[in-house]
Structures are given as structure tokens and as C-alpha cells.
Amino acid sequence: MHITVTGSHGFIGTHLVKHLTQNNNVECWDLKIQKNISNFECNNTDLIIHLAALAGIRESFEQADDFWKTNVEFTKLVFDTAQNKNIRVIYASSSACKRWYGNPYSISKYVNEFIAPKNSVGLRFSTVWGPGARGDMLVPQIENKTLKFATTHKRDLIHVSDVVSAIQTIIDHPTQTGVFEVGTGKTVKVDELVAYNGIDVPIVAGKDYELEENLLPSYRLRNLGWQPKVDIMENKL
């Protein structure tokens, strides 16, 4: 199969491309290789996996216009290309859509679920962790001992390898459409995760724009035979 992956050199994309190239011909699109999705095109592609996006709830307040342009306008270019050529699309959504009105990032991801082609699948990822994650994300800050504070938020933390297997499950079920949750189906409190890993930092109240809990039971995906395998509370960071 010929698969086009946008955001191919990002956190999830790097792991996904490594997996896909074992059995597929993969075409990569990423700013890191000077291929901007603002100029997106594809030929002879069987499937598009669209991961390219700006991420970060806090950052989206300061860069709202950039988040809209990249996450909505450029994504629509990808969607339009796919629809015009009748190519299936699997695209990254977010658990932030559960409270879509809370911040510009959530809004941009939620809009995608309404403008996506009818034969597409949107994957609402919960909080993804694993090798290669951005240094300002929760788990890398715990690993690097750079965390300044913790909150009592509850987070559904899913390992990037389980995200890759979820994407493969959707690939293997080509008639599936609509939105799928991709989470472990259980949460851990941030302050408890931090304490479990031996870090002593102040506990502070979270921001109003952050979800108190981002639990994703992922029933539709589990019904296709997918199961997450990595539990963050069984692994010291």
C-alpha cells in the first residue's frame, strides 16, 4: 500500500512511519523536510494519514490565528485533495474536543471533525506519551526532573506504541468511518503520577481551560479488537 503521512517527522509521526515502512511505501510530508501542507498534493496514494498540526493548549491562546490556519485551513486542503481523488483519510483529532469551546486548539480540532470527508476516520487521542515527546509535555518533564508543579487533573495517558497500533487497526478496517476515541480507558491523577515517580513539587490548581479529566473508553476501537498494552503506572519513568 502507498501511504502518505503528514507530520511524518513529529512525535507520533516518527513512530508511525517506522512501523508503516515495514510493509508499505510511505510518502512523508513535514516542515522538517521542507514539505509544508500548505502546498499539499499527492498522487497514486491509497491512504492519507494526517497528523500535521500545531499543538499546545496554552500556546493556542497566543497564536490563535496560526492555529486556525494550520489546523483548519491547511487541513481542509488535505481533506479537499483526498475527497477530489477519492482517497481515504485517517486524521488526528484530540480528547480536547470533549470541551471544544475551551480554547483555540480544541476549537480547531473540533472543526476538523465536521469538515472531514465522509469516508474518513478521526482519531481522538488522549494524552500521548513515550520516546520523542516534546520536552514541555508532562511525562518528559517527570522523566527529566524539570517539572515545577503538579495538578490534581486526571489524565488518560496512552503510550505512543498503542497509538500506532490503533492507527494500524483502523487501516485494517477500511469500511470504518467517523470519530474513534484512542485512550486507555482509565485515568491517573497527575499529582499521584508525580509522587509515584519520586518527585516532590507543589500541587496547584489547574487552569479553567484545561479538562478536569480526559478519559476515553475507546469502545468503538476495542470492538475492532484493539487493546492498549502499556500502563504508565506499571513503568517508572
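The values are calculated or read from the model by the stated rules, or taken from the named source; none is laboratory data. This one's a predicted model, so the numbers in the text were calculated from it and none came from an experiment. Here Cβ is always computed from backbone atoms with ideal geometry, including for glycine, and neighbour counts include all displayed protein chains. Side chains included, ligands, DNA and RNA excluded: accessible areas come from the protein's heavy atoms. Shrake-Rupley method; radii C 1.70, N 1.55, O 1.52, S 1.80 Å.
Quick notes
- Legend: translational diffusion of segment 49-141 by Stokes-Einstein, Rh = Kirkwood radius over C-alpha pairs, 37 °C, 0.692 mPa s; D = 239 µm²/s.
- With θ taken as phi - 60° and the Karplus curve 6.51 cos²θ - 1.76 cosθ + 1.60 applied, the whole-hertz 3J(HN,Hα) list for segment 24-32 is 9, 8, 10, 9, 9, 10, 6, 4, 5 Hz, x standing for glycine and proline.
- From the coordinates shown, semi-axes √(5λ) of the Cα gyration tensor in Å corresponds to which of (i) 29, 20, 17; (ii) 34, 20, 16; (iii) 25, 24, 20: (i)
- DSSP bridge orientation in the chain - percent antiparallel, rounded to nearest 5: 5 percent
- Helix-only [θ]222 nm of the chain, DSSP H runs n ≥ 4, -39500 (n - 2.57) each, per residue, nearest 500: -8000 deg cm²/dmol
- Accessible surface for the chain, divided over its residues, is 49 Å² per residue with a 1.4 Å probe.
- Degrees, to the nearest 10: 75-84 long Cα axis against longest axis of the chain: 30 degrees
- Take the Cα of R220, step 7 Å toward its Cβ, do the same at M233, and the gap between the two points is 2.8 nm.
- Efficiency of FRET between S38 and T175 - r from beta-carbon atoms, R0 25 angstrom, step 0.05: 0.20
- Linear extension gain, T146 paired with A64, 0.36 nm per residue minus alpha-carbon span: 26.8 nm
- Around the amide H of V230, modelled in the peptide plane, lie the amide H atoms of H159, all under 5 Å away and 5 or more residues distant in sequence or on another chain.
- Computed lengthening from W100 to M137, 0.36 nm per intervening residue step minus Cα-Cα distance: 11.3 nm
- Cα long-axis angle, helix 160-171 against the chain (0 to 90 degrees, to the nearest 10): 30 degrees
- Cross-link pairs beyond the 20 Å C-alpha cut-off, checked among K98/K189; K32/K98; K69/K207; K109/K145: K32/K98; K69/K207; K109/K145
- Relative to the longest principal axis of the Cα atoms of the chain, the long axis of helix 104-115 makes an angle of roughly 30 degrees.
- Residue-count net charge about H153 - beta-carbon cut-off 9 Å; Lys, Arg +1, Asp, Glu -1: -1
- For G122, the residues 5 or more places off, or on other chains, whose built amide H falls under 5 Å of its own are Y91, G178, V179, F180.
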